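**Student:** Dropping a structure here in structure tokens format, bear with me for questions.
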Amino acid sequence: MSIRPTIPERNITEMSLDAIQTLMEELGQPRYRAGQIYRWVFQRGARSLDEMTDLPKTLRGQLAEQGYTVGRVNLGKVAESVDGTRKLAVHLDDGAAVETVLIPMGENQFTQCLSSQVGCALDCQFCFTGTMGLSRHLTSGEIVDQVILGRQVLPEGARISHLVYMGMGEPLHNFDAVVSSLTPICHKDGLGYSHRRVTISTSGLVPQIERLGQTVPVNLAISLNAPNDEIRNEIMPINKRYNLKKLMEALREYPLPPRRKMTMEYVLLGGVNDSAEHAHELARLLKGLSVRINLIPWNPFSGPGYDRPAEENVRAFQDILLRKRYTVTVRVTKGLDIDAACGQLGERPDPLVQVTEGDI
Ligand code: SAH
Ligand code: SF4
């Protein structure tokens, strides 16, 4: 199977507002109909042409006759954690599946974590998604549809206030679809998010970071995870292509809007990158950059043989960076009981099969 998905031409969720306008002109309709359709799909979450009741019936009939459809993903199982985190299985029309997670962030607000690929090619040693390899990129519509499904399973009165591209996949490896998905997400006739409420997280694809900076003013998060090349080469193979020197250069050049900070994600792996010396080294590496550091105690899965860091190491690591005047937060682990925490997303074999394998 190719990693490039086939993009159905006549699926409205994959179309730009311009393309819908052109279509309306071809069908002899006024241009404002395009805005109406766009709002039905992205604001009101319509899943069929039939739901668009204020469009003339003849137009709906014409569109259906020409094979136009809306949306192409289906909601699968929804798992709910004791802490309120919800993990949604998202079934794609070729039989593949991804996961998206709604994370409660205070009163009636959720952050949604979006997937950008089925699996991931980058093979970071501490990440469950990385063990799957890459099956394929998602299309722009498949990314936006995750938000539309997410809204359907929100508790009464709650809303999704922030979107983070931190689910399955490396968003900047699927650059074009990810950037296209930001148009309906941030358009006033679409989902209407301000760019400030959207964050793209990357393992450090340097040329694409440069391109992103020229393209859209969303927040940037970098999965740094190591204070030097030696450790980073070991846990993130991408570092052999774009080492820390190249990555730091790109970040120093990044056109960050005034008063905004980049996020540096740092997964703490017990005994690997969590010592006091590593914290000092990290402080030196980030000197002069406008960053907030987010420490993420490693979320376990069986296989790679890492340990969660000791609680006191996490505190000591944070303290060293705080004393160097960095903004440092420790990410509260959410959704661990349903395998929805950072780096745990991806298909798992049926538990019964696992038991059988263990017995052999
Ligand atoms: N591919 C992108 C976005 C998805 S990963 C990236 O790497 O940035 C989202 C975050 O989860 C990254 O910061 C990654 O370092 C972190 N992560 C991956 N596996 C993890 C695990 N097992 N425990 C804790 N965090 C993990
Ligand atoms: Fe891919 Fe990100 Fe996981 Fe690395 S951490 S394997 S880039 S999803």
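**Student:** Could you work out how far the C-alpha centroid of the stretch 243-297 sits from that of the stretch 89-125, in angstrom?
**Tutor:** Computed from Cα coordinates, the inter-centre distance equals 24 Å.
**Student:** Rounded to whole Å and ordered largest first, report the semi-axes of the equivalent ellipsoid of the chain derived from its Cα gyration tensor (root of 5λ).
**Tutor:** Sorted largest first and rounded, they come to 38, 23, 19 Å.
**Student:** Do the sum for the chain: with -39,500 (n - 2.57) for every DSSP H run of n ≥ 4, divided by all residues, what is the mean residue ellipticity at 222 nm, to the nearest 500 deg cm²/dmol?
**Tutor:** Values: 12 runs with 114 residues, N = 360.
Here the helix-only value at 222 nm equals -9000 deg cm²/dmol.
**Student:** Can you tell me the order of 301-310, 171-180 when each peptide is scored by its average per-residue count of other Cβ atoms within 10 angstrom, highest first?
**Tutor:** 171-180, 301-310
**Student:** Label the stretch 12-65 by shape, choosing from rounded, prolate and oblate, from the square roots a ≥ b ≥ c of the eigenvalues of the Cα gyration tensor; if a/c is under 1.5 it is rounded, and otherwise prolate applies when a/b is larger than b/c, oblate when it is not.
**Tutor:** On the way: a/c = 1.56, a/b = 1.10, b/c = 1.42.
Since a/c reaches 1.5 but b/c is at least a/b, the shape of the stretch 12-65 is classed as oblate.
**Student:** How many nm separate the modelled label positions at Gln152 and Ala79, each set 7 Å beyond the Cα in the direction of the Cβ?
**Tutor:** It is 2.0 nm.
**Student:** With the crude spin-label approximation of a point 7 Å out along Cα→Cβ, what separation in nm comes out for Arg252 versus Ile3?
**Tutor:** Each label point is offset 7 Å from its Cα along the Cβ direction, giving 3.0 nm.
**Student:** Continuing with the same structure: If you rank Trp298, Trp40 by fewest surrounding Cβ atoms within 10 Å, what's the result? Walk me through the numbers on the way to the answer.
**Tutor:** On the way: Trp298 24, Trp40 21.
With the sparsest Cβ surroundings first, the list reads Trp40, Trp298.
**Student:** In the chain, which Cys residues have no partner Cys with a Cβ closer than 4.7 Å?
**Tutor:** Those would be Cys113, Cys120, Cys186, Cys342, since no other cysteine Cβ in the chain comes under 4.7 Å of theirs.
**Student:** Considering only DSSP beta bridges where both residues belong to the chain, give the percentage that are antiparallel (nearest 5).
**Tutor:** For the chain, the DSSP antiparallel bridge percentage is about 40.
**Student:** Here is a follow-up. Can you list residues whose amide H is under 5 Å from Val330's amide H, if they're 5+ apart or on another chain and H is modeled 1.01 Å from N?
**Tutor:** Amide H neighbours of Val330, under 5 Å, 5+ apart: Leu295.
**Student:** How high is the relative contact order of the chain, in percent, with contacts defined as C-alpha pairs under 8 Å that are six or more residues apart?
**Tutor:** About 15 percent, as a whole number.
**Student:** For the ranges 49-55, 149-155, what's the packing order if you count other beta-carbon atoms within 10 Å of each residue, average per peptide, and put the highest first? Could you put the intermediate results ahead of the total?
**Tutor:** Details: 49-55: 14.3, 149-155: 16.3.
Order by mean packing, descending: 149-155, 49-55.
**Student:** Where nothing but the Cβ of Lys and Arg (+1) and of Asp and Glu (-1) is charged, how large is the charge dipole of the chain around its Cα centre, in debye to the nearest 20?
**Tutor:** Working: 40 positive and 42 negative charges, 303 e Å.
Charge dipole of the chain: 1460 debye, to the nearest 20.
**Student:** Could I have the simple spin-label model distance between Ser161 and Asn108, label points 7 Å from Cα toward Cβ, reported in nm to one decimal?
**Tutor:** Label-label distance for Ser161 and Asn108, simple model: 1.1 nm.
**Student:** Can you list residues whose amide H is under 5 Å from Met264's amide H, if they're 5+ apart or on another chain and H is modeled 1.01 Å from N?
**Tutor:** It is Ile222, Arg292, Ile293, Asn294, by chain and number.
Read-outs throughout are calculated quantities, based only on the coordinates presented, and are distinct from any laboratory measurement. Please read all numbers here as calculations on a predicted model, not as lab measurements. Here Cβ is always computed from backbone atoms with ideal geometry, including for glycine, and neighbour counts include all displayed protein chains.
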